[in-house]
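Written below as structure tokens is the structure these notes are about.
The values are calculated or read from the model by the stated rules, or taken from the named source; none is laboratory data. Nothing here was measured: the structure is a model prediction, and the numbers come from that model. All Cβ positions, even for glycine, are placed from backbone atoms using ideal geometry, and neighbour counts span all protein chains on display. The protein model used for the area step is the full one, side chains on, heavy atoms only, and it has no ligands, DNA or RNA in it. Shrake-Rupley method; radii C 1.70, N 1.55, O 1.52, S 1.80 Å.
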Amino acid sequence: MSIINDRFMLKNETAVKLYEYAKDMPIIDYHCHLNPQMIASDYRFRNLADLLLGGDHYKWRQMRTYGVDEFYITGGASDYEKFQRFAEVVPFMIGNPIYHWTHLELKRYFDVDEALTPESAERIWNHCNALLASDGYTAKGLIERSNVKVLCTTDDPADDLRYHKEIKESGFCVKVLPTFRPDKVLNIDKETFLPYMQANGLKSFAEVRAFICEKVKFFHENGCRLSDHALDRMFYKTGDAEAVFNKAMRGEAITDDEAEIYKTDLLLLCAKCYTEAGWTMQLHIGALRNNNARMYRALGPDVGFDSINDGDVAEQLSALLNAMDEKEALPKTILYNLNPKDNYVLATMLGNFQAAPFKGKLQFGSGWWFNDQRDGMEAQLRALANLSLLPCFVGMLTDSRSFVSYPRHEYFRRILCNLLGTWVEDGEYPADFNYLEKIVKDVCFCNADSYFGFDA
């Protein structure tokens, strides 16, 4: 029985017509976590489990919820055993976006038209593995199949970017560019801070500030046009950042207030550097990470034990953006919230700092992480339309470690077209397809293509 058909998620005739404008638009994946080394080496996947389940903590969480032992998730079970156990869980994912994502992945890359179940698992496994052994199913091949024009990885400032250079020198038809992610420099309250300072020979506050500025220039020379910051809680606090740094370097415990003084100082410096370089700054706000201490010790971060935080964000976010703007050092900025309670906070915050010549200088980012599903995407789109200008939106990104996550762009585009089509058919917007076509194409591709300046 086919899960994915031409009208998938398109509930009216206008939506179907609008999706014709969207479906073949190229993809700009301006924020992802793909491994550049795997792209540079044109990695060939061992099998379907390696491709679909490797590093995909979204899927791991559902397997744990169903009672699957960790041995079959991140443990020593064979790849086929892991795939079988995943197939046992999939039929019970009704209402969960992973059900749709999984079948989009199977349909778009392997032309599988049946549901993944314990009964179909072996047949799908054999069919897909045969294709994975053929030409066109390597890391680069899968990216090309996905109609990707540009993808931006997530990279530490200390990275030498050797794999990005190799990819460029190989003549690969897709631009694979780095993104500047200086969390380890800013996170003075984390256990990783002192080892990071030592590894990079940073002994003074002045050296840290110079390190940031120098690395922004180095990344820019290698095609970088975006930065990204994970702000688990929002902050803005001024004070003697150098004194806080010196205290931390002596191995002394610092308070939350002191950490925020240091982070604020460096984030303002980063913003100045980004503005001068013409970059876009991304702020991801509101994750509560590594909740399960036992599993963190066993497996490390980013393996499915994070959730939504519920801290206040409005006043400190406003103060932070205002401080940047006062110094004429507020770069193009995308704001993402993990807690949907903050949708209207972020969507209204944009309007405080918009400025020519940019169309949508400040952006409300697509539904992030736990909001990366139909309800979350629709809520984000509705908030943006209600409080700002939806047609200025730079659209979807994968935020994924998976090389077959690009059907999430299709998922988003279908949701977008269905929402627009509903407004038209409800008589809330005229059936003027000249404007509707432009809105759809701009949100799916054209806005991002002009906003980020990848060709500059």
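With a 1.4 Å probe and all protein chains kept in place, how do 375, 42, 29, 183 rank by accessible area, largest first?
Reading off the accessible areas and sorting them downward yields 375, 42, 183, 29.
For a quick protection proxy, order the peptides 351-360, 391-400, 173-182 by their average other-Cβ count within 10 Å, most packed first.
391-400, 173-182, 351-360
State in Å² the accessible area per residue of the chain; use a 1.4 Å probe, count heavy atoms of protein chains only, and round to the nearest integer.
Accessible area per residue: 42 Å².
Using the Kyte-Doolittle scale, which helices in the chain average at least -0.5 and also have C-alpha atoms spread 15 Å or more along the helix axis, with helices defined as whole DSSP H runs?
Membrane-span-like by this rule: 121-132, 205-221, 256-277, 314-326, 374-387, 407-425.
Filter the cross-link list 217/441; 59/263; 263/332 down to pairs whose alpha-carbon distance in this structure exceeds 22 Å.
217/441; 59/263
Roughly how many Å is it from the Cα centre of the range 375-400 to that of the range 1-76, as a whole number?
20
Report the Cα centroid-to-centroid distance between the range 299-329 and the range 401-446 in angstrom, as an integer.
29
Using a 1.4 angstrom probe on the protein heavy atoms only, could you order 238, 74, 102 from most to least accessible area?
My answer, sorted largest first, is 238, 74, 102.
In sequence order, what are the phi-derived ³J(HN,Hα) couplings for the range 133-139 according to the Karplus relation 6.51 cos²θ - 1.76 cosθ + 1.60 with θ = phi - 60°, rounded to whole Hz, with x for glycine and proline?
After applying 6.51 cos²θ - 1.76 cosθ + 1.60, I find 7, 9, 5, x, 10, 7, 4 Hz.
Counting only residues 5 or more places away or on other chains, whose amide H sits under 5 Å from the amide H of residue 280 once H atoms are built in the peptide plane?
Here the answer is 226, 227, since their amide H atoms fall under 5 Å of that of residue 280.
If I model a spin label at residue 130 and residue 355 as a point 7 Å from the Cα along the Cα→Cβ vector, what separation in nanometres do I get?
6.0
Output wanted: per-residue J couplings in Hz (rounded whole) for the range 347-361, from phi through Karplus 6.51 cos²θ - 1.76 cosθ + 1.60, θ = phi - 60°, x for Gly and Pro.
Each residue's phi maps through the Karplus curve to give 5, 8, 4, 4, x, 6, 10, 5, 7, 5, x, 7, 8, x, 3 Hz.
Between residue 5 and residue 158, 0.36 nm times their residue separation minus their Cα-Cα distance comes to what?
Once the chain is fully extended between residue 5 and residue 158, it gains 50.6 nm.
Quickly rank 326-338, 294-306 as a protection proxy: mean count of other C-beta atoms within 10 Å, highest first.
326-338, 294-306
Tell me which residues come under 5 Å, amide H to amide H, from residue 148 once H is placed; ignore anything under 5 positions away on its chain.
27
Hey, what did the chain get for relative contact order, percent, Cα under 8 Å, at least 6 apart?
22
Could you work out the relative contact order of the range 222-365, using alpha carbon pairs under 8 angstrom and six or more residues apart, expressed as a whole percent?
The value is 27 percent.
Give me the net charge of residue 184's neighbourhood, meaning all other residues with Cβ under 10 Å from the Cβ of residue 184; Lys, Arg count +1, Asp, Glu -1.
Computed value for this residue: 0.
Can you figure out the FRET efficiency of residue 252 with residue 217, using R₀ = 51 Å and their beta-carbon distance, to the nearest 0.05?
0.95
So how do 138, 65 rank on accessible area, 1.4 Å probe, biggest first, that is with the largest at the start?
Largest accessible area first, the list is 65, 138.
Carbon and sulfur together cover what percent of the accessible area of the chain at a 1.4 Å probe radius?
Carbon-and-sulfur percentage of accessible area, whole number: 48.
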